[in-house]
Amino acid sequence: MKKIALITGAGKGIGFALAQKLLQEGFFVIGTCRSGQISGFAHPDFVVLPLDLGERESILQAHKAIREQFGALDILINNAGIGPDLDTYQPDETTFAQTFDVNVKGTVFFTEPLIGQIRDGGMILNISSKMGSLELCALTDSIAYRMSKSALNMYTKILTNRLKGRVKVAAVHPGWVITTLTKGNVHARLTPAESTNRIYAFLKSDFASGVFWDAETQRALPW
Ligand SMILES: NC(=O)c1ccc[n+]([C@@H]2O[C@H](COP(=O)([O-])OP(=O)(O)OC[C@H]3O[C@@H](n4cnc5c(N)ncnc54)[C@H](OP(=O)(O)O)[C@@H]3O)[C@@H](O)[C@H]2O)c1
């Protein structure tokens, strides 16, 4: 039987490349995107569900579909994320709320009811960012984005403690990847496919649960 991976934000960028990689590697993939449709790509082992992490009703509908259409899950990859305040220096209430709604609140409340559906020996990967590291922070930009990824890292630690011995959990920095996340991503050097090859190498490795992993350098990061 094929292992089942659920990837949020699978319609473009890193999430789309992750879906393609896992399909190549023989997984059945449930991908989500807001529209529920990914044009120009189809695969017999790929199902797309609509999910807007900023909308409670959308999260509930996605849970219902996942519960009714699929049994146990093997891997949950919380990839969907936004950064509307990336490269800005003053917090703005609208983008701050949007960022926390999607990257933190939506991700937590999407994940919680699914935990019981993840098979023993399964895993949860939270696609975080080096920008959420408290120890590495030496700049002053992107307040909401950085804080949201620090919060996601804390959720990663909490899940690690809660699921010890049953499900492995990690926060993953995908590297600086050329995507539509922000126009000013001057650091971006990896293609989504290069990033996801590295994330896949990590996923297949015998990693210790609770790590914050830099997929680009293949090294652990400080929290
Ligand atoms: N690119 C980088 O250099 C980099 C570095 C560090 C971390 N990351 C992280 O990597 C992850 C993927 O980002 P990316 O670079 O691939 O950016 P991207 O191409 O902009 O993709 C973002 C994904 O998030 C989804 N999304 C946006 N708003 C959503 C919402 N309200 N509800 C559900 N899904 C939503 C999008 O889905 P739709 O198709 O519905 O728009 C899209 O699939 C993010 O968590 C990001 O923070 C990226």
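The values are calculated or read from the model by the stated rules, or taken from the named source; none is laboratory data. Just so we're clear, the structure is a prediction, and the values are computed from it rather than from any experiment. Cβ atoms come from the backbone with ideal geometry, glycine included; neighbour counts cover every protein chain shown. Areas reflect the complete protein model, heavy atoms only, side chains present, ligands, DNA and RNA absent. Shrake-Rupley method; radii C 1.70, N 1.55, O 1.52, S 1.80 Å.
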Spread of Cα-to-Cα distances over 5 Å intervals beginning at zero, given as percent, for the stretch 107-164: 4, 16, 27, 21, 13, 10, 6, 3, 0
Candidates Ala144, Ala171, Ala72: whichever shows maximal mean-square fluctuation once the chain is modelled as a Gaussian network with Cα springs under 10 Å: Ala72
The stretch 174-192-the stretch 27-83 distance, computed between alpha-carbon centres (Å): 23
Sequence-separation-based contact order of the chain, relative, with Cα cut under 8 Å and 6+ spacing, percent: 19
Asp92, Asp52, reordered so the largest accessible area comes first (probe 1.4 Å): Asp92, Asp52
Label-point separation, Asp206 to Ile158 (7 Å along Cα→Cβ), nm: 3.2
Trypsin sites (Lys or Arg not before Pro) within the stretch 134-164, DSSP loop, no more than 14 other Cβ atoms inside 10 Å: Lys164
Close Lys-Lys pairs in the stretch 4-220, where close means Cα under 14 Å and separation is 8 or more or interchain: 7
Size of charge dipole - the chain - debye, nearest 20, with Cβ of Lys, Arg +1 and Asp, Glu -1, no other charges: 600
Under 11 Å, Cβ to Cβ, from Pro113 - net charge with Lys/Arg +1 and Asp/Glu -1: +1
Arg119/Glu57 FRET efficiency (R0 25 Å; Cβ-Cβ; nearest 0.05): 0.35
Among beta bridges that DSSP assigns inside the chain, antiparallel share in %, nearest 5: 5
When the convex hull of its Cα atoms is projected in every direction, mean area for the chain (nm²): 11.5
Trypsin sites (Lys or Arg not before Pro) lying in DSSP loop within the stretch 67-133, provided at most 16 other Cβ fall within 10 Å: none
Rounded percent of accessible protein surface that carbon and sulfur make up, the stretch 142-204, 1.4 Å probe: 60
